[in-house]
Amino acid sequence: MSLLKNVGTIGGLTMVSRLFGFARDMLLARVLGAGGVGDAWQLAFQLPNIFRRLFAEGAFASAFVPLFNRRMKEGDDISQSRRFAEEVLAFLIPVLLVFGALAIIVMPWIAGLFANEGIEEDPALMDLAVLMARVAFPYLAFMSLATLFAAVLNSLSRFAAAAAAPILLNICMITALVYGTTLGDGVEARRQVGFYLAIAVTVSGFLQLLWLGWWARKSGFRMGLKRPRITPGVKELGILILPAVLGAGVYQISRFIDLFFLATLPDGAYSYLAYGDRLNQLPLGIIGIALGTAILPSLSRMIAVEDAGGASRLQSNAVELAMLLTVPAAVALYVTGSAFTRAFYVGGAFSVADAFTTGAVVSALVVGLPAYVLVKVLIPNFFARKDTRTPVYTAGASLLLNIALNFILVPRFGVVGLALAGALAAWSNVMLLLILLALKGYFTLPGRVYGRIARIFLAAALMGAALYYITPLGAEYYAGGVLDRIAAILALVLVGAAVYLIAAVALGVVNRSTIEQFTKRPG
């Protein structure tokens, strides 16, 4: 399959999940609002979800896929790769049980570490946050096991099932929220909704595990349960996965740092960042995760057969495609962030003032959107060579810069400064990764790609100028009736897309050769 087709499969299903996520967050904003129970829920949900993203989207897949593919190549059938997967599964289950049990026991201390003043000063709210986090935490164990099946399916170039799995999370949470709307508008009703949401999260993890396990069996890959042992394969995976936690998970680790600084901010900061990040996560998930997931198996195979030219072409195409899609998305969201937050979130417990603050957060977050995606695109080049140490160094430098910027920007700009610090740190990570890829002889971005990226920025700037002038025209519609909101946002999207496409064609960014380049089968 071509890079564009693989990315389209993963990204298309991820987009469906993100749209369900929008519906979920629109309900969340109206039912729980910003601050109070809304902040307590965001804190409770962040704890297992950050671990899940760190493990599922970063370290495990990045370390497991190259080892799995190597065994697929070495064996005449799938027996070697199946044995390796079974060994990993057997070791993973007890580790997750022990870690989950310990986390649930010490949850009051963990939640207290990250709670802001609004939660800490209300004992009942603090107890609710701890309860919700405990109920939701088994989600991490279910999703970690599901990740093993997802990695197997991705290695077999069967991306659809894993990309569709997160839809189940959003369906479960939407179901809980819809039921919650029947409970009333009081504080006690919101507390009940939070509890039901925590149950929905854990149930969704179990359903995703069943879903991916079923698809693995349907693909002819049946794994049995074995006695846990530290085999050479498990040991090799462990050696790779520990540094990979930092290397591939820099974005998620920075979220832990964010929690520390969020605890110093006024009530509502958790909610503003969470709702703002939903808009940022839409292109990040569709493009970044899709590209990183799609290129790792192909890169691993090309490097295993010493096809340096093919690996370099694939990496160049991934970088160019990432910029072609994320730069206009970032510019558009930077200009229209508050328009989108007013249209999607205002209503019920969420005010227009809340939407403007969230819009400012969106504008700060998307400054780093192309960088977040490029990190996901560049890191597989290291992991395909079983080099998990180098991304650790770049991640460490990026994290140090992020912390320093937080100390400078958060006191001055609050939650907006927190978002901006993470975005700037992500760009530093990209620069370091590109430099080290070149120094190690792994990959050097061709000069022609730099030229095309410059033209992409110019096309996006022209689009941004057009949106800057037309966005204020729809001010009275963004928080109006449902049809008014749909029409106003649709107008922004259509104008932005049309201007960018015309500019991209005129500047030679998009043409027949570009389409052929991205639709050509790798290798």
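The values are calculated or read from the model by the stated rules, or taken from the named source; none is laboratory data. Note that this is a predicted model, so its numbers are computed, not measured. Positions of Cβ are backbone-derived with ideal geometry, glycine not excepted, and every protein chain shown enters the neighbour counts. Areas reflect the complete protein model, heavy atoms only, side chains present, ligands, DNA and RNA absent. Shrake-Rupley method; radii C 1.70, N 1.55, O 1.52, S 1.80 Å.
Considering segment 210-238 alone, what residues qualify as being in contact (Cβ under 8 Å) with a residue 40 or more places away in the chain and either touching a strand residue (DSSP E or B) at 6+ places or on another chain (Cβ under 9 Å) or closer than 30 Å to Thr390 by Cα (or both)?
Across segment 210-238, the qualifying residues are Arg229, Ile230, Thr231, Gly233, Val234, Glu236, Leu237.
Can you name every residue in segment 309-337 that is open to solvent by 30 Å² or more (accessible area, probe 1.4 Å) and either touching a helix residue (DSSP H, G or I) at 6+ places or on another chain (Cβ under 8 Å) or within 16 Å of Arg278 (Cα to Cα) (or both)?
Leu325, Val331, Tyr334, Val335
Do the conditions hold for Leu67, that is, is it more than 23 Å from Arg385 (Cα to Cα), in a helix (DSSP H, G or I) and aliphatic (A, V, I, L, M)?
Taking the combined requirement at face value, the residue does not satisfy it.
Yes/no per residue for (1) in contact with a Phe, Trp or Tyr (Cβ under 9 Å, 6 or more places away or on another chain); (2) at pLDDT below 80; (3) within 18 Å of Val373 (Cα to Cα):
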site: Ala29; (1), (2), (3): yes, no, no
site: Gly36; (1), (2), (3): no, no, no
site: Leu43; (1), (2), (3): yes, no, no
site: Gln46; (1), (2), (3): yes, no, no
site: Arg53; (1), (2), (3): yes, yes, yes
site: Ala56; (1), (2), (3): no, yes, yes
site: Ala59; (1), (2), (3): no, yes, yes
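Kindly indicate which of Lys376, Lys386 is open to solvent by 40 Å² or more (accessible area, probe 1.4 Å), charged (D, E, K, R) and under 20 Å from Asp258 (Cβ atoms).
So the residue among Lys376, Lys386 that is open to solvent by 40 Å² or more (accessible area, probe 1.4 Å), charged (D, E, K, R) and under 20 Å from Asp258 (Cβ atoms) is Lys376.
Output the helices (runs of 4 or more DSSP H) that fall wholly within segment 412-520 and possess 3 or more residues being under 21 Å from Gln315 (Cβ atoms), open to solvent by 80 Å² or more (accessible area, probe 1.4 Å) and not small (Gly, Ala, Ser), or say none.
Here the list reads 415-439, 447-470.
Please enumerate the residues belonging to segment 227-255 that are open to solvent by 40 Å² or more (accessible area, probe 1.4 Å) and at pLDDT below 85.
Glu236, Ile239, Leu242, Val245, Leu246 - these are the residues of segment 227-255 that are open to solvent by 40 Å² or more (accessible area, probe 1.4 Å) and at pLDDT below 85.
Which number in (1) at pLDDT 85 or above; (2) farther than 30 Å from Ile199 by Cβ marks the one condition that Ile110 misses?
(2)
What about Ala150, is it buried (at least 19 other Cβ atoms within 10 Å of the Cβ) and touching a helix residue (DSSP H, G or I) at 6+ places or on another chain (Cβ under 9 Å)?
So Ala150 passes the test.
Could you tell me which numbered condition Val346 fails, if it satisfies all but one of (1) within 30 Å of Ala34 (Cα to Cα); (2) modelled with pLDDT under 90; (3) crowded, with 23+ Cβ neighbours inside 10 Å?
If we test Val346 against (1) within 30 Å of Ala34 (Cα to Cα); (2) modelled with pLDDT under 90; (3) crowded, with 23+ Cβ neighbours inside 10 Å, just (3) comes out false.
Could you tell me whether any residue of segment 362-369 is farther than 24 Å from Leu467 by Cα and open to solvent by 20 Å² or more (accessible area, probe 1.4 Å)?
No, there is no match, as no residue in segment 362-369 is farther than 24 Å from Leu467 by Cα and open to solvent by 20 Å² or more (accessible area, probe 1.4 Å).
Exactly one of (1) crowded, with 23+ Cβ neighbours inside 10 Å; (2) at pLDDT 85 or above is unmet by Glu86. Its number?
(1)
What is the number of the single condition among (1) at pLDDT below 90; (2) over 15 Å from Leu32 (Cα atoms); (3) in contact with a Leu (Cβ under 6 Å, 6 or more places away or on another chain) that Leu168 does not meet?
It is condition (1) that Leu168 fails.
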